């Protein structure tokens, strides 16, 4: 378990350096090879990292007014974690289903979450474990650092205003509710429930 290697919070400068090195090592392990079991392990590791440090990342983002930059002059832990998440999703895109590979188009001008999703087009390259890992990662991000999640584009170099990671995740989760693999449908449902809950909470707070 990666959680056994992680220094306990708060994130001091020395601990941040260690975490940055750890994530950089994980980044090098990511390959675009389809169906690589390594990719599933990356998602498991990222779930551990977000579970341990997500609340601190969230506090920093909120204190800086929900801006993407968390520190000045260098890549901070949050930025490096973002790069790792986006690299993992990009590397596994072909194994996650059609909702992660198709061009982002909304139906009849509707927001992505209101458009009727198409069923996931399965192929031999799809990885059930990777898709479960994505839903688990998105769920823990909602629990620990929702604003961090909302700042993530759908992939490296993608304009967040045009294509958001959470929108891809929501489309994929809706399309996966009736998947024949109970682990996928269960984790898709958990993610959607958390997304709806936090939306309702924000509405009640406003």
Exercise. Which one of these does residue 68 not meet: (1) modelled with pLDDT under 80; (2) farther than 22 Å from residue 158 by Cβ?
Worked result: (2)
Exercise. Here is a list of conditions, (1) surrounded by 15 or more Cβ atoms within 10 Å (Cβ to Cβ); (2) touching a helix residue (DSSP H, G or I) at 6+ places or on another chain (Cβ under 9 Å); (3) in a helix (DSSP H, G or I), and residue 167 meets all of them except one; can you say which number that is?
Worked result: (2)
Exercise. Could we say that residue 62 is surrounded by fewer than 16 Cβ atoms within 10 Å (Cβ to Cβ), at pLDDT 75 or above and closer than 23 Å to residue 147 by Cβ here?
Worked result: yes
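Please work out which residue is modelled with the highest pLDDT, limiting yourself to segment 15-38 and to residues that are in a helix (DSSP H, G or I) and more than 13 Å from residue 80 (Cβ to Cβ).
29
The values are calculated or read from the model by the stated rules, or taken from the named source; none is laboratory data. The structure presented is a predicted model; accordingly, all values stated were derived computationally and were not measured. All Cβ positions, even for glycine, are placed from backbone atoms using ideal geometry, and neighbour counts span all protein chains on display.
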